[in-house]
Amino acid sequence: MQSRFFSHTTKWLVIMAFLAAAIGCEKSTEDKPEAPQNNASHQQENRKPNAEALQAQAQTQAPSPSQLTSDTQSKPQPEPQQTGAAQDIRTLSSLIPAGKALSLLSNGQKAIARGDLNKDGVDDLAIIVEDPKDSMTERDLIVYYGNASGAYEQSIYAKEAIICKDCGGVFGEPLEELSIKNNTLLFTFHGGSSDRWYSKYRFQYRDRDWVLIGYTGGSYHTMDVYQGEEEDINLLTGDFILKKSDKKDPAGKLIETEKGKRPKRKLVKLSEFKGKIYDEAVIERVEADKGNRDITPSPDRQFVFFTKEKNETNFIWNIDEAQPKELRGIASRVGDAIWSPNSKWLMVDSGTSPIRTGQLVDPASGQIILEVSYLGAGQISFSPDNSRLLYARGSEDLPSIKDRYVDGGRISVIVLDLGTGKEKIVKQGTETVDYDFPKWKDDRQISYTKTTNSVLQGKLLYTNIEETMKLDD
């Protein structure tokens, strides 16, 4: 009887001990801190669907940046873990400067990124901090190098490198992404209202400094599937990809892609970066001055032409220089500023009558290279290969059937070789036929309007047809 009692007692003691151990394990699990959350901002994918779906979606929905972009909308990735000491709140708090608070991304996550930036196999840390009392002040970016012991050493404190919380417009918080991938620090801004814009910047540590090595930026309209543009450029090589979606194509092909190489330029230092690359800052500065007009950036955005309205003086600003350069000798009343595709030439169109003056300018030096006259405001163009100019001009030295009714004389199409500065008439006007409105079709073909004039009962009559011709070498 006694042994049976002890047997039952022992059995209950074992059961109770087991339950106590189980409860202890559960409590221990509850006391563990939560794993760090993913720091990538790609959870905004509902705002920017995949680029490859653009053509399929084009007929049913409005565009978004990812319909034009390539790599900014990848799926959420697990946050890189610190390989030294554990990143608890006490360690992180010690890295935030006094009077600053950790910023949040547009998805509500903390602006923290971890990953290897200096190829030492140890995760480094990047954070964005702000003045918690001022949402209109630009924010600061801090990069810390980590070591195997878990300690951090500050690599750079980039003051005002991140645009302010209210700089996204109606869209709200513009800070969309902060991440570290492939030894590169990346951050993305996104803002606007129905007209949206986005910018992604890629920085690396090179030659003992942090520099901007790549940029992706674009804009789109939420209500128009056919309107959008994006440029992605490698600033180390100059290679770029330009995507446009700005017209309705019956075949449904909405994206036009252009690939090429832009001239290399001085790399922007992170220490000097203020939320935008140099060309954006310079152009915005020029546009902000209400006394400026005819503002025309070059295709590679290395230069911007503008006119000071007060004195009718013209300027060109090289974005790598502190101040714009005045262009002396340019005729007044600028009608248009026309850049060559490679941004090496600028034709300034001016005048107040159909007979125009065009002055070819070297933007690097600001010198006028040559001057030509032609018909039609802005009716002069560079060949796609940047080697020739195309325009039309009238000659009043030879009679025309229309002389009694209009000015201009016989109108001919002219090609000017930029290498030699020599003109060549490629379609000669006659007494009854004019050739006008020439355009480039490619490097070796042009189109133009052939106008046949006649007079009937004292009235000037004419008929127009479009023609194409191949140019001789």
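Could you line up T296, T188, T432 from fewest to most neighbouring Cβ atoms inside 10 Å?
Going from sparsest to densest Cβ surroundings: T432, T296, T188.
Which order do the peptides 439-451, 134-146 take when ranked by the mean count of other beta-carbon atoms within 10 Å per residue, highest first?
Descending mean neighbour count gives 134-146, 439-451.
Rounding to the nearest 20 debye, state how big the charge dipole of segment 282-470 is about its Cα centre with +1 on each Lys and Arg Cβ and -1 on each Asp and Glu Cβ.
With only Lys, Arg, Asp and Glu charged at Cβ, the dipole is about 320 debye.
Could you list E230, E423, E130 so that the one with the fewest beta carbons within 10 Å of its beta carbon is first and the one with the most is last?
Ascending Cβ contact count within 10 Å gives the list E423, E130, E230.
Which trypsin sites (Lys or Arg not before Pro) from segment 165-214 combine a DSSP loop assignment with at most 10 other Cβ atoms within 10 Å? Each step should come with its number before you reach the end.
Working: sites: K165, K181, R196, K200, R202, R206, R208; in loops: K165, R208.
The qualifying sites are R208.
Taking amide H atoms as placed 1.01 Å from N in the peptide plane, list the residues 5 or more away in sequence, or in a different chain, whose amide H sits under 5 Å from that of L418.
Counting only residues 5 or more places away or on other chains, the set is R388, L389.
Give me the percent relative contact order of segment 282-470, please, defined on Cα pairs under 8 angstrom at least 6 residues apart.
11
Got a sec to turn the phi values of segment 365-377 into Karplus ³J(HN,Hα) couplings, 6.51 cos²θ - 1.76 cosθ + 1.60 with θ = phi - 60°, whole Hz, x for Gly and Pro?
Result, ordered by residue: 9, x, 8, 7, 8, 7, 9, 9, 10, 6, 9, x, 4 Hz.
Give the share of C-alpha pairs in each 5 angstrom bin for segment 346-473, from 0 to the last occupied bin, in whole percents, shortest bins first.
The calculated distribution, bin by bin, is 2, 10, 20, 22, 19, 13, 7, 4, 2, 1, 0, 0.
May I ask which residue of L418, P399, I338 lies farthest towards the positive end of the charge dipole of segment 282-470, with charges of +1 (Lys, Arg) and -1 (Asp, Glu) on Cβ and the Cα centre as origin?
Of L418, P399, I338, it is P399.
Tell me, what ³J(HN,Hα) does each residue in segment 301-312 have, in order and in whole Hz, if you take phi through Karplus 6.51 cos²θ - 1.76 cosθ + 1.60 with θ = phi - 60° and put x for Gly and Pro?
Going residue by residue, I get 6, 7, 10, 9, 9, 7, 10, 7, 5, 4, 10, 6 Hz, with x marking Gly and Pro.
None of the figures in this text is laboratory data; all of them are computed from the coordinates on show. On a predicted model such as this, the values are computed, not experimentally measured, just so you know. A quick note on method: Cβ atoms are made from the backbone with ideal geometry, for glycine too, and the neighbour counts reach across all protein chains shown.
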